[in-house]
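The values are calculated or read from the model by the stated rules, or taken from the named source; none is laboratory data. In this text the structure is predicted, and so the values were computed from the model without any measurement. FYI the Cβ positions are ideal-geometry reconstructions off the backbone, even for glycines, and counts take in every protein chain you see.
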Amino acid sequence: MPIRSVLFSLVILINIPAFSQIDSKFEIDTMSVSTLEVLLKSAYDIEDTLEYRFYWDLGDGNSETGPAVLHSYERPGSYFVTLTVTRKEDMLLSSHSEEVTVSEEFRVPNVFTPDGDGINDLFIVKSDGVTPLSITVFDRSGSVVFKKTAPVISWDGRTPSGILVRPGVYYYIIRSDAPIYNKTGFFHVFYDRGIR
């Protein structure tokens with residue numbers, strides 16, 4: 001009887017669940033009060049972070065741990081930030097790097113909406129966060145609605161008596177010992193959600 005040869009092909013499918021992948025990507029938020037301050041957040045939700053270790057190389061000789069880091073750089077420039085995420089169970093790791101640019105600037109908003117929706121609710125003067133600033137805000141009739149002296153200026157739109165200001169145009173005067181921070185101007189208050 002003749003011998004027949006039979007060729008078999010064997011395919012093995014290995015299903016690697018999505019949770020076995022490690023994501024080391026992160027978000028960069030430079031919209032804080034100080035221009036040299038950066039908030040770095042991993043792609044993980046806080047409830048997902050217990051199984052992982054987070055190590056941040058902040059690119060300026062400093063490092064931090066944790067899923068989110070608020071870091072103040074000493075001087076303007078570009079820094080390469082690297083996040084290394086390690087899964088505790090099997091020590092599998094992933095790293096991701098991005099360039100972060102911080103610049104020293106002085107910015108006063110021209111509009112804000114203190115309506116409680118979590119978006120643009122604060123009037124924040126962006127500066128170095130170190131130099132003391134003095135701000136006075138006036139309504140259209142010339143009445144003082146806000147006054148503060150501090151290195152960080154933020155305002156929730158309330159008068160000294162706790163009442164939200166009306167929508168409209170407001171005038172401000174900012175003074176400091178550092179001439180770069182002396183400024184006057186106008187801004188608008190709007191309410192998106194029917195307040196006032």
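Among the residues of region 162-180, those identified as under 24 Å from Gly118 (Cβ atoms) and outside any strand (DSSP E or B) are Gly162, Ile163, Val165, Arg166, Pro167.
Out of Phe138, Phe123, one residue alone is aromatic (Phe, Trp, Tyr), closer than 30 Å to Tyr79 by Cα and in contact with a strand residue (DSSP E or B) (Cβ under 7 Å, 6 or more places away or on another chain). It is Phe123. Filtering region 110-149 to residues that are within 17 Å of Asn182 (Cβ to Cβ), hydrophobic (A, V, I, L, M, F, W, C) and surrounded by 12 or more Cβ atoms within 10 Å (Cβ to Cβ) leaves Val125, Leu133, Ile135, Val137, Phe138.
Scanning region 50-79 for residues that are at pLDDT below 85 and in contact with a Gly (Cβ under 8 Å, 6 or more places away or on another chain) turns up just one, Ser72. When region 155-177 is examined, which residues are found to be surrounded by 14 or more Cβ atoms within 10 Å (Cβ to Cβ) and within 11 Å of Leu133 (Cα to Cα)? Ile173, Ile174, Arg175, Ser176 - these are the residues of region 155-177 that are surrounded by 14 or more Cβ atoms within 10 Å (Cβ to Cβ) and within 11 Å of Leu133 (Cα to Cα). A single member of Thr131, Thr82, Thr149, Thr101 is in a strand (DSSP E or B), of a type outside the set (Phe, Trp, Tyr) and more than 30 Å from Lys25 (Cα to Cα), and it is Thr149.
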